[in-house]
Amino acid sequence: MLDAAYLIVGLLVLVKSADWLVVGASDLAQRFNVSPLVIGLTIVSFGTSMPELVVTLLSGLAHKPDLAIGNVIGSNICNVLLVLGVAAIVQPLKVRDSTLVSEIPFSLTAAVLVGFLANAALFTKNPDLTISQLDGVILLGFFLLFMLYVYKVSRNSHYFDGQETKKQTRFRDTFFLIAGIVGLYFGGEWVVTGAVGLAQTWGVDDAMIGLTIVAIGTSSPELFASVVAAMRGETDIAVGNVVGSNIFNLLWILGLTATVVELPFEVVSNTDLIMVICASVMILLAMVTTKKRAVLRWHGVLFVSLYSAYLTYVVTRV
């Protein structure tokens, strides 16, 4: 009963917090003439990735590597297929060319890099696969490169939508932004607490919990933030949030956790990593095969359907 209460209250907090975060981020972009895409790739992505950071880091410290890795990989799959899928159903997601040629390929590269590092031991015929502390440092290095890229983009982008900037105090902008991030953190934590409690009652293993319930729970902030952004017409924030969060998850969160404690890697997780790579490729294909360079509603339906099929596979595999 308590677990169900955590789950419900957490979801309610996530809904309101996501709205505040998008409002604060959008106003911040207008105030400083920064592209909403840059805000989505940084502040919104960082805020919505906080649940993943907490769960993954604490799971690693608790010697629950399957839960830690499963959460990161599962969240990335959920972000693309469920979050982006639902957001596209609400509002077709047209993005800038930079997203197509830079951010999404960088997210794809991050997934390939994690797969290479996790399986590097195979080249030495070592049966014990692991994401080592050195691997963690390498991932953090690539994350630094990504942040330098975002910094360069922010300096070169001067955003103006042709409308008069809203006359709001800096305090109000800051309040919405901070309250949204804090609310997403606690809401995500409560969702995970309730979901994990219910899953443990059902007697399922760590990997399955991480790839399904915990992944969906920790991706709830991304889901609500991107859907609300799409409803408000802020499609750059909606897409930037998903792409940025996936990069944060693979490079920053997994890199930081592996630097603190080595994470044993199961061969079966390669199937899930391949799914992350395929999902990223699907975004690219969806955009390059349409004249509007957008993720359309029918793409969204396809993404959500594929995610349902993936969940069925994870739950039923032995």
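What follows is calculated from the coordinates using simple rules that are stated; it is not laboratory data. Computed from a predicted model, the values in this text were never measured in an experiment. So basically every Cβ, Gly included, is an ideal-geometry build from the backbone, and we count neighbours across all protein chains shown.
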Practice prompt. Would you check the chain for Lys pairs whose C-alpha atoms are within less than 29 Å, ignoring same-chain pairs closer than 8 in sequence, and give me the count?
Written response: 13
Practice prompt. For the chain, calculate the relative contact order in percent as a whole number, restricting contacts to Cα pairs under 8 Å that are 6 or more residues apart.
Written response: 44
Worksheet item: What is the set of long-range amide H partners of Ile131 at a cut-off below 5 Å, with H atoms built 1.01 Å from backbone N?
Response: Leu263, Phe265
Worksheet item: If you line up the long axis of helix 65-78 against the longest principal axis of the chain, both from Cα atoms, how many degrees apart are they, to the nearest 10?
Response: 40
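Hey, any idea what the orientation-averaged projected area of the convex hull of the range 163-318's Cα atoms comes to, in nm²?
Working: hull surface 49.4 nm².
Mean projected area of the Cα convex hull: 12.3 nm².
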Practice prompt. Measure nothing but the geometry: give the 0 to 90° angle between the long axis through the Cα atoms of 269-288 and the longest principal axis through the Cα atoms of the chain, rounded to 10°.
Written response: 30
Discussion item. Using the Karplus curve 6.51 cos²θ - 1.76 cosθ + 1.60 with θ = phi - 60°, what ³J(HN,Hα) values do you get for each residue of the range 219-236, in whole Hz, with x for Gly and Pro?
Written reply: 8, 4, x, 4, 4, 5, 5, 6, 5, 4, 4, 5, 4, 8, x, 8, 5, 5
Item to complete: Could you tell me how many degrees, from 0 to 90 and to the nearest 10, lie between the Cα long axis of helix 50-61 and the main elongation axis, the longest principal axis, of the Cα atoms of the chain?
Response: 20
Fill in: Least to most buried among Phe106, Phe46, Phe248 (fewest other Cβ within 10 Å first)
Phe46, Phe106, Phe248
Practice prompt. Return the long-range amide H neighbours of Val34 (sequence gap of 5 or more, or a different chain), with a cut-off of under 5 Å between placed amide H atoms.
Written response: Tyr159
Discussion item. If you average the alpha carbon positions of the range 232-254 and of the range 53-83, how far apart do those two centres end up, in angstrom?
Written reply: 15
Practice prompt. Quote the convex hull volume per residue of the range 15-88, based on C-alpha atoms, as a whole number of Å³.
Written response: 97
Fill in: Karplus-derived 3J(HN,Hα), 6.51/-1.76/1.60, for each residue of the range 187-201, Hz, glycine and proline x
x, x, 5, 5, 4, 5, 4, x, 5, 5, x, 5, 5, 5, 5
